[in-house]
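Structure first, then comments.
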Amino acid sequence: MTDQNLAVVKRVVALYLLLLAGATVVHLIITPFYQPDHDPDFTYWEAYDPFMMAGSLLVLFFAYLWKRRHDAALPEANNWRAYLEANGLFYVGGVHAILLAWSWLMQVYGDSAQAQPVIWLLLDSVGPMLWLATGRRLWREAASA
């Protein structure tokens, strides 16, 4: 794959992650206005969860690549900021993906009472920050390629 093709792929993934972050935040904020009774049969989030899972897996994939690239440059690149960016995004993204997968599968296939609203609120709050950080970094990398 050429550098130009890779830049296009990075831009497409970045755009997906940025739109996903924006849509999740907006939907999380406006949900109480059009669903005040918290109808358990409401299925928007169920339809949206696969897109969130895809976003979390993309974060994990690119964070792993950045972490691997950073670790390969050690000890020459002893930069704490780069270390925290690479490792923080990877490990927080991993925890987010695991919790999202567990909650989503429990909601769909298991006992939906086990899927705690507090966990969903945490996932719907942390996810956009991860998607935003990854999307911005991918966009910048594509622009500099």
From the set of residues in segment 31-47 that are under 23 Å from residue 109 (Cβ atoms) and modelled with pLDDT under 65, which is surrounded by the fewest Cβ atoms within 10 Å (Cβ to Cβ)? 41
Candidate set from segment 62-82 (those that are under 21 Å from residue 10 (Cβ atoms) and among the aromatic types (Phe, Trp, Tyr)); member that is modelled with the lowest pLDDT: 66
Could you run through segment 111-124 and say how many residues are hydrophobic (A, V, I, L, M, F, W, C) and at pLDDT below 75? 2
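Yes/no per residue for (1) modelled with pLDDT under 85; (2) out of contact with any helix residue (DSSP H, G or I) (no Cβ under 8 Å at 6 or more places or on another chain); (3) not acidic (Asp, Glu):
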| position | (1), (2), (3) |
| --- | --- |
| 84 | no, yes, yes |
| 98 | no, yes, yes |
| 103 | no, no, yes |
| 109 | yes, yes, yes |
| 137 | no, no, yes |
| 145 | yes, no, yes |
Verdict on residue 108 being of a type in the set (Val, Ile, Thr), surrounded by fewer than 20 Cβ atoms within 10 Å (Cβ to Cβ) and part of a helix (DSSP H, G or I): yes
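The values are calculated or read from the model by the stated rules, or taken from the named source; none is laboratory data. These numbers come from a predicted model, not from an experiment. Note that we place each Cβ from the backbone using ideal geometry, even for glycine, and neighbour counts take in every protein chain shown.
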